[in-house]
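The values are calculated or read from the model by the stated rules, or taken from the named source; none is laboratory data. Small disclaimer: the values here were computed from a predicted structure and weren't measured. A quick note on method: Cβ atoms are made from the backbone with ideal geometry, for glycine too, and the neighbour counts reach across all protein chains shown.
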């Protein structure tokens, strides 16, 4: 007989979908060296980074494929599990450039471009941040922990004199851990 075609009843039994705007990226804090810099986001509360966050590319995961070739046959096995360790985030900027300036300063806390000196990871990496997902009622449905996150790069700001559009700030963040539970031993 074989497989029967999907029915409307089965489609209607699927729970509500996750909508792309039901998220919040929360930085509990940023490196303490940034908090003292004038003109930057008050990062002790983390609110501007959360409110002005437009997009987040949730990290993926993959397994390395390993080939075993013997006697003319090839069999594939899974190797180690790896993840990119990076996350692309886009923020809406304000006329005070608070997001851009804060991220730019964060990159310089890790390694200054003018001296090529920097800080230890315990200074520039934030121990934990969270990515929250919500349903349509605003109820949290998932929390992902992001461990030892730091701003790796800030892309160029695209300014255009031929039209007036809202400016976004795109940044790449690096991290050591991304998952649904907070490991006790990660610092």
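Would it be correct to say that residue 166 is part of a loop (DSSP other than H, G, I, E, B) and within 24 Å of residue 105 (Cβ to Cβ)?
yes
For (1) surrounded by 10 or more Cβ atoms within 10 Å (Cβ to Cβ); (2) at positive phi, each residue gets a yes or a no:
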| position | (1), (2) |
| --- | --- |
| 49 | yes, no |
| 61 | yes, no |
| 64 | yes, no |
| 72 | no, yes |
| 85 | yes, yes |
| 89 | yes, no |
| 92 | yes, no |
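With 40, 30 as the choices, which residue is in a loop (DSSP other than H, G, I, E, B), surrounded by 12 or more Cβ atoms within 10 Å (Cβ to Cβ), more than 19 Å from the chain's Cα centre (by Cα) and modelled with pLDDT under 90?
After applying the criteria, what remains is 40.
Among 104, 100, which is the only one that is free of Cβ contacts under 8 Å to residues at least 60 places away in the same chain and in a helix (DSSP H, G or I)?
After applying the criteria, what remains is 104.
What residue, among those in the range 138-157 that are part of a loop (DSSP other than H, G, I, E, B) and in contact with a strand residue (DSSP E or B) (Cβ under 8 Å, 6 or more places away or on another chain), is surrounded by the fewest Cβ atoms within 10 Å (Cβ to Cβ)?
157
What are the residues in the range 92-105 that are within 15 Å of residue 53 (Cβ to Cβ) and touching a strand residue (DSSP E or B) at 6+ places or on another chain (Cβ under 6 Å), if any?
92, 93, 99, 100, 103
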